[in-house]
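Below is one structure, written out as structure tokens, with a few remarks after it.
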Amino acid sequence: MHNSFDFGKFEKQLLEALQRNEKFIKILAEEETAAEKAKKMGLTSMGFGRWGKDDKVTHKTSDGKLEPIKAGEEEKDQDKKEKSADTKSDTKTKEPEKKAADKKPEQKKSEEEKANPEAERLRSIMPGMTKIGRPLSTVPPEQLKQVSTRIKDLADRVNKAKAAGEAAEDFDLCQISIPGTNLYCGDHKGIDRVDMPQFKGTPRPGSDADKLAKDPKSGEVDTEAMFRDMLEKQGIKVSEPEAVPPESLKATQRNMQGTKVAGMAAALAENPEHPAITAPIYVSRDGYVLDGHHRWAAIVAHNAGNPDKPIPMRVRVIDDGIESLVQRSNKFADDIGIERKSAPGGSSKPKEEPKKGFTRRMLDRVKSWGKKQKEEAKAFFEEELHKGKTPERRSLVQKTRDKVKGALKDVKHELKHEAAVFRDAGRGLQGFFRGKGPNEREKKAMKSVATKVVMTAVVATGLGAAAGGAAALGKAVLIEFIPHVVGESILKGAGRAALFAGPEDQTDDAMMEKFIELVLKNMEEMDIPDEVIEKAFMKYKGEE
């Protein structure tokens with residue numbers, strides 16, 4: 001027997017459901033989610049439920065609603081959240097240490113700005129700068145006079161030699177230093193002048209550069225416009241000319257022709273607005289000179305002799321770190337057909353391939369090592385373990401990629417009492433993937449966490465073929481290489497990071513994994529720099 005259907009009861013239940021649904025639809029229509037409202041207003045997520053534009057927080061979420069932040073409220077709200085996060089993740093005994101750590105970057109920044117009032121402006125122009133030296137105006141006059149006098153003496157020698165129809169004896173300007181600054185070649189990258197890119201120079205016969213219009217006097221061609229076009233096609237931004245104090249920049253190359261600089265300085269003495277010498281030069285986002293070292297040095301020399309009438313250095317900033325930029329620029333110059341220039345001394349004899357010369361120097365240095373260690377050193381170079389894009393390197397990176405998630409979990413557990421480090425790394429990654437550079441504290445945290453994760457993942461692979469016949473020595477080099485790659489990945493910045501970026505509301509772990517993927521890509525492609533190899537070799541020998 002079938003139960004009778006109560007149509008009246010069903011009708012009542014259906015009506016109630018429709019009414020509830022109608023009410024729910026009305027609520028949704030009246031109140032959009034905070035995220036949707038924020039995005040419609042053109043705001044981006046700043047983390048911790050905060051939203052804003054141009055790195056300025058303007059709104060926050062409260063009970064699911066988007067509310068504007070009143071003056072002074074953002075700082076209080078953020079401090080409250082940070083304090084809450086630290087209380088949960090750390091003990092009360094760690095609180096004084098946390099507060100001291102939080103204050104250090106602020107103190108360092110204020111001290112740096114006190115020593116150099118332009119520090120903040122310079123970092124906005126060259127966001128990759130790690131250290132900003134003091135301005136020439138703070139250097140004792142007697143030190144500036146010594147530099148100015150030395151340059152003038154060189155200029156006099158050049159003029160006398162020309163008058164006598166002789167070649168002036170040259171002098172490497174990098175032997176001159178100004179205490180407290182990076183002038184002239186403090187913090188240089190150890191690159192010979194012959195290995196630096198040239199955008200204006202003698203074209204190789206039959207090359208693309210040889211087809212360009214030549215200077216009637218020198219026979220040189222200018223490929224600068226083509227270089228900028230190449231960067232644009234690769235998605236690398238180049239700024240419009242900006243005026244900066246020349247002493248804030250750093251030399252990339254380790255030698256400069258003093259006689260050439262002296263001649264330019266003498267020309268500036270006659271005309272401080274000399275168009276060819278004061279034309280903009282190219283610099284990297286971390287403040288290193290790419291092309292125009294001698295013009296830059298001449299302006300520094302002029303300012304040392306005329307501290308009351310300094311000439312600013314006009315720069316075009318390329319959004320790339322200097323080491324990557326030198327490789328990229330040299331490839332461009334070689335491909336288009338610009339001959340490299342000679343080192344001080346005037347020899348035009350082609351220089352040996354730098355890697356071959358370095359290899360011989362390193363093998364000479366290990367002659368006193370034991371038989372096993374010498375064999376490992378020889379195998380390291382013979383098996384080209386320093387080269388990127390090799391099958392061995394690709395294999396190691398793939399194995400490392402498979403271990404990243406587990407390594408990140410292990411590192412988070414290991415550093416569970418250092419919540420501030422992960423918090424700073426998370427904030428840095430948000431800025432990194434939004435196309436804006438992290439601050440120094442955030443960079444340090446990003447490098448610390450990413451290096452530990454990659455190192456842990458690499459060790460978990462057993463290193464395998466990456467060490468080849470070099471065994472322990474190869475591992476030692478790899479361990480030195482990893483922090484270098486992480487640092488370079490941060491310096492290369494958001495230009496390449498955009499390729500790996502996803503939604504803005506990703507978790508810190510997801511962003512860290514994406515950043516490490518970028519690091520691994522660089523690790524697969526990059527050659528290991530000579531200075532990293534040398535440091536690892538000597539460290540290995542010391543441990544042996």
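The values are calculated or read from the model by the stated rules, or taken from the named source; none is laboratory data. Remember, it's a predicted structure, so these values are computed and weren't measured experimentally. Here the Cβ positions follow ideal geometry from the backbone for every residue, glycine too, while neighbour counts run over all protein chains shown.
Quick grid of which residues meet (1) in contact with a helix residue (DSSP H, G or I) (Cβ under 8 Å, 6 or more places away or on another chain); (2) surrounded by fewer than 21 Cβ atoms within 10 Å (Cβ to Cβ); (3) touching a residue at least 60 places away in the same chain (Cβ under 8 Å); (4) among the hydrophobic types (A, V, I, L, M, F, W, C):
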| residue | (1), (2), (3), (4) |
| --- | --- |
| PHE381 | yes, yes, no, yes |
| ARG393 | yes, no, yes, no |
| LEU396 | yes, no, yes, yes |
| LEU429 | yes, no, yes, yes |
| VAL458 | yes, no, yes, yes |
| THR461 | yes, yes, yes, no |
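If a residue has to be assigned to a loop (DSSP other than H, G, I, E, B) and either in the same structural domain as PHE432 (by TED's automatic domain parsing) or modelled with pLDDT of 70 or more (or both) to count, how many in the stretch 27-53 make the cut? Residues meeting the conditions: 3. In the stretch 203-214, the count of residues that are hydroxyl-bearing (Ser, Thr, Tyr) and in contact with a Gly (Cβ under 6 Å, 6 or more places away or on another chain) is one or more. Would you confirm whether any residue within the stretch 237-253 is modelled with pLDDT under 90 and among the basic types (Lys, Arg)? Yes, the stretch 237-253 contains at least one residue that is modelled with pLDDT under 90 and among the basic types (Lys, Arg). Considering the stretch 278-289, and only residues there that are closer than 16 Å to PHE227 by Cβ and surrounded by fewer than 24 Cβ atoms within 10 Å (Cβ to Cβ), the residue that is farthest from the chain's Cα centre (by Cα) turns out to be ALA279.
Scanning the stretch 231-257 for residues that are surrounded by 14 or more Cβ atoms within 10 Å (Cβ to Cβ) and assigned to a helix (DSSP H, G or I) yields a total of 4.
Counted as qualifying within the stretch 400-514 are the helices (runs of 4 or more DSSP H) with 3 or more residues that are at pLDDT 75 or above, namely 419-433, 440-461, 472-492.
Every listed requirement among (1) in a helix (DSSP H, G or I); (2) farther than 20 Å from TYR288 by Cα is met by ARG228 save one, (2).
Search the stretch 122-158 for residues being of a type in the set (D, E, K, R) and surrounded by 14 or more Cβ atoms within 10 Å (Cβ to Cβ), and hand back the single one that is nearest to PRO310 (Cα to Cα).
Residues of the stretch 122-158 that are of a type in the set (D, E, K, R), as a first pass: 123, 131, 134, 142, 145, 150, 152-153, 156-157.
Now narrow it down to the ones that are surrounded by 14 or more Cβ atoms within 10 Å (Cβ to Cβ): 123, 134, 150, 152, 157.
Values: ARG123: 21, ARG134: 15, ARG150: 18, LYS152: 17, ARG157: 25 Å.
This residue is ARG134.
In the stretch 278-294, the residues that are in contact (Cβ under 8 Å) with a residue 12 or more places away in the chain form Cβ pairs under 6 Å with partners that are part of a strand (DSSP E or B) and aromatic (Phe, Trp, Tyr), at six or more places apart or across chains, as follows: LEU290/TYR282; ASP291/TYR282. In the stretch 182-218, of all residues being aliphatic (A, V, I, L, M) and outside any loop (DSSP other than H, G, I, E, B), the one that is modelled with the lowest pLDDT corresponds to VAL194.
For ALA276, are the conditions met, namely being out of contact with any strand residue (DSSP E or B) (no Cβ under 7 Å at 6 or more places or on another chain) and in a helix (DSSP H, G or I)? Walk me through how you get there before you give the answer.
Values: out of contact with any strand residue (DSSP E or B) (no Cβ under 7 Å at 6 or more places or on another chain): yes; in a helix (DSSP H, G or I): no.
In short, no.
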